[in-house]
1. Take the stretch 164-176 and flag every residue that is surrounded by fewer than 13 Cβ atoms within 10 Å (Cβ to Cβ) and part of a loop (DSSP other than H, G, I, E, B).
2. Is it the case that some residue within the stretch 87-94 is among the hydroxyl-bearing types (Ser, Thr, Tyr) and crowded, with 16+ Cβ neighbours inside 10 Å?
3. So, Asp179, is that one over 17 Å from the mean Cα position of the chain (by Cα), part of a loop (DSSP other than H, G, I, E, B) and touching a residue at least 60 places away in the same chain (Cβ under 8 Å) or not?
4. Among the residues of the stretch 234-244, is any assigned by TED's automatic domain parsing to the domain that holds Gly169, surrounded by fewer than 19 Cβ atoms within 10 Å (Cβ to Cβ) and at pLDDT 95 or above?
5. Confirm whether Ser87 is part of a strand (DSSP E or B) and of a type in the set (Ser, Thr, Tyr).
6. Give the residue that is surrounded by the most Cβ atoms within 10 Å (Cβ to Cβ), with candidates limited to residues of the stretch 95-110 that are hydroxyl-bearing (Ser, Thr, Tyr) and out of contact with any Gly (no Cβ under 9 Å at 6 or more places or on another chain).
7. Within the stretch 88-103, does at least one residue satisfy the condition of being over 24 Å from Glu247 (Cβ atoms) and either in the same structural domain as Ile148 (by TED's automatic domain parsing) or at pLDDT below 95 (or both)?
8. Suppose we keep only residues that are without any contact (Cβ under 8 Å) to a residue 60 or more places away in the chain and over 30 Å from Lys194 (Cα atoms) within the stretch 209-233. Which one would you say is surrounded by the fewest Cβ atoms within 10 Å (Cβ to Cβ)?
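The values are calculated or read from the model by the stated rules, or taken from the named source; none is laboratory data. All of these numbers come straight from a predicted model, not from anything done at the bench. Glycine also receives a Cβ, built like all others from the backbone with ideal geometry; neighbour counts cover every protein chain displayed.
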Amino acid sequence: MKILNKTIQALICLTLISAPGFSSAKEKFKVCADPLHPPYSTRDQQGYENKIAQLFADQLGMELEYYWFPQRIGFIRNTLKSEIDNSDQFKCDVVMGVPTGFDFAKTTKPYFHSTYALIIAKDRGWDDINNPKQLANLSLQRQESLKIAMFDRGPGTAWLQKYGLLDQGIPYQTMTGDDENNVAMQIEKDLQRKKIDMVIIWGPMAGYIISKNPEQYRSIPLKSSPGLKFDFSMSMAVRYGDNVRKELLEGLIDKNKTKIIDIIRSYHIPILPIPEQRRRKDDD
């Protein structure tokens, strides 16, 4: 079986290297990433996406190379779709984490599935909360003391609106534009400063917060309900038309399922089974 796997891998790599427009792939596995975006990616390559990228590069026998750009509006345009001046090459070829079915690039099969979680700071009068719906039934006095982060968009804000808790929300932007903190970093710092006591936040960022002070926080994964979806699958992305590279990545995802999940779990990220995916037209 090991010999067969190595043979398949070699054939895939040979196909990739010999395909038109892939001359740079002979030596480098080029990843588009944000240099300050824990737990996803960091310049010192301590994020879980960094670890998975290194795993893939090692197995392909390629040098891992990053093109760094902040994760904000225009990220794909300025990275994956951006050509190097005076050449027919692109600045990078792979984005390690996007929602499955992401519109601005071609996505691989999902490699993990996570959910939003309610993070609660301990020992601040909220230790009795074991279900988010309890927040909707608080006494008026307790409700007025609630300090929960509220983002400009996302299911967490929709949940607060559904249960009449918008007035208790402390507003935050989904993209900070901060050169020193991403959203997860800022939320964790404000939890420490007691500016907020809790937050509904996407699984990987929830994992980052928990990892900073595991004894100080509780994490309650949220379940989707009709009209309010909290769980999502994550894929890798390549340029539209880059079908050979997509197949290469999917082969690596299949080969390394256990290793990938072990890496992600080590970041305290809630993991759910990957649901069956509907086939998109551009996958044909």
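1. Those that are surrounded by fewer than 13 Cβ atoms within 10 Å (Cβ to Cβ) and part of a loop (DSSP other than H, G, I, E, B): Gly164, Gln173, Thr174.
2. no
3. Values: over 17 Å from the mean Cα position of the chain (by Cα): yes; part of a loop (DSSP other than H, G, I, E, B): yes; touching a residue at least 60 places away in the same chain (Cβ under 8 Å): yes.
Considered against the rule, which asks whether it is over 17 Å from the mean Cα position of the chain (by Cα), part of a loop (DSSP other than H, G, I, E, B) and touching a residue at least 60 places away in the same chain (Cβ under 8 Å), Asp179 comes out as yes.
4. no
5. Working: part of a strand (DSSP E or B): no; of a type in the set (Ser, Thr, Tyr): yes.
No: the conditions fail for Ser87.
6. Thr108
7. In the first step, residues of the stretch 88-103 are kept if they are over 24 Å from Glu247 (Cβ atoms); the result is none.
Scanning the stretch 88-103, I find no residue that is over 24 Å from Glu247 (Cβ atoms) and either in the same structural domain as Ile148 (by TED's automatic domain parsing) or at pLDDT below 95 (or both), so the answer is no.
8. Here the answer is Pro226.
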